[in-house]
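*Asks:* Below is the structure I would like to discuss, written out as structure tokens.
The values are calculated or read from the model by the stated rules, or taken from the named source; none is laboratory data. Note that the coordinates shown come from a computational prediction; the quantities given were computed from them, not determined experimentally. No Cβ is skipped: glycine too gets one built from the backbone with ideal geometry, and neighbour counts run over all protein chains shown. Protein only, heavy atoms only, side chains kept; ligands, DNA and RNA dropped before computing areas. Shrake-Rupley method; radii C 1.70, N 1.55, O 1.52, S 1.80 Å.
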Amino acid sequence: WVLVAVHLAAFWSSYSWMPRILLGRGWTMHELGWYQITVAAVQLLGNVSFGFFADRFGRRPVFVAYCAVFTVGLLAIALNLDTLVTNGVRITAAMAFTAFGLGTWSAFGPLFAANYPERLRAMASSGIYNLGRTQQLIVQPVAGMIRAGGSDAGVLLLGASMAVLSAVLVFAVPQGKPQARDLT
């Protein structure tokens, strides 16, 4: 649950706030739409590729590597935001790179499958996701206060720090084996 909550904080601290940041810096809805389509498409590639890499190298190392991509991308954007935001292609490319790292979401299905019996798996995964979402009632107002204080980059740095924490927390989750099908 803690891993999902922290990972959601990383996700929402970039995905929820970047459109607001861009609109606040003079972007049009048309420009923002193309930005969103591009970033979502690259995240889809990250989601699909995660499984292939995880099968070859293991879920935890690949989760950490993808979190690193996400973190490096957010740091690069946060530290160069004033320059990047004036060039739609460069900011979209930087955020697309960052979004590839969010392929980490593909880790959670197998993680739940490995740690919960089939009869509890759907309840466990939906319960954990929804409890993780409730934590955003704390994190996102904090992000809003950071932004209201005049720091667009600070919101992205919050997301980067949560991504680093996610990479650490993944080692606290048991690395179980998929549960045998319970036919009783």
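*Asks:* Give the longest segment of the chain that steers clear of trypsin sites (Lys or Arg not before Pro) in DSSP loops with at most 16 neighbouring Cβ atoms within 10 Å, not counting the sites themselves. Each step should come with its number before you reach the end.
*Replies:* Values: sites that count: R25, R181.
It runs 26-180.
*Asks:* Still on this structure: For the chain, return all DSSP H helices satisfying: extent of Cα atoms along own axis at least 20 Å; mean Kyte-Doolittle hydropathy at least -1.0. Each step should come with its number before you reach the end.
*Replies:* Values: long enough: 29-57 (40 Å, 0.58); 59-79 (29 Å, 1.67); 118-134 (25 Å, -0.43); 152-169 (26 Å, 1.93).
Both cut-offs are met by 29-57, 59-79, 118-134, 152-169.
*Asks:* Also, I was wondering about something else. Considering only protein heavy atoms, what per residue accessible area in square angstrom results for the range 1-157 with a 1.4 angstrom probe? Don't jump to the answer; show the numbers that get you there.
*Replies:* Details: 7580 Å² over 157 residues.
Here the residues of the range 1-157 average 48 Å² of exposed surface.
*Asks:* Let me ask something else about it. Give the carbon-plus-sulfur fraction of the accessible surface of the range 11-115 in %, rounded to a whole number; probe 1.4 Å, heavy atoms of protein chains only. Can you show the working numbers first?
*Replies:* On the way: 3400 of 4880 Å².
C and S fraction of accessible area: 70 percent.
*Asks:* Quote the FRET efficiency, to the nearest 0.05, computed for D55 versus N130 with a Förster distance R0 of 25 Å and r equal to the Cβ-Cβ distance.
*Replies:* Working: r = 28 Å, r/R0 = 1.14.
E between D55 and N130, to the nearest 0.05, is 0.30.
*Asks:* Per DSSP helix of 4 or more residues, -39500 (n - 2.57); summed, then divided by the residues of the chain. What does that give at 222 nm, rounded to the nearest 500?
*Replies:* On the way: 10 runs with 145 residues, N = 184.
So the calculated ellipticity at 222 nm is -25500 deg cm²/dmol.
*Asks:* Given a 10 angstrom Cα cut-off, can you work out which residue in D55, D152, D82 is the most mobile in a GNM of the chain?
*Replies:* D55
*Asks:* Mind grabbing the base-10 log of I(q)/I(0) for the chain at q = 0.09, 0.10, 0.11, 0.13 Å⁻¹? Debye formula, identical points on the C-alpha positions, no solvent, two decimal places.
*Replies:* Log10 I(q)/I(0), no solvent term: -0.34, -0.41, -0.49, -0.67.
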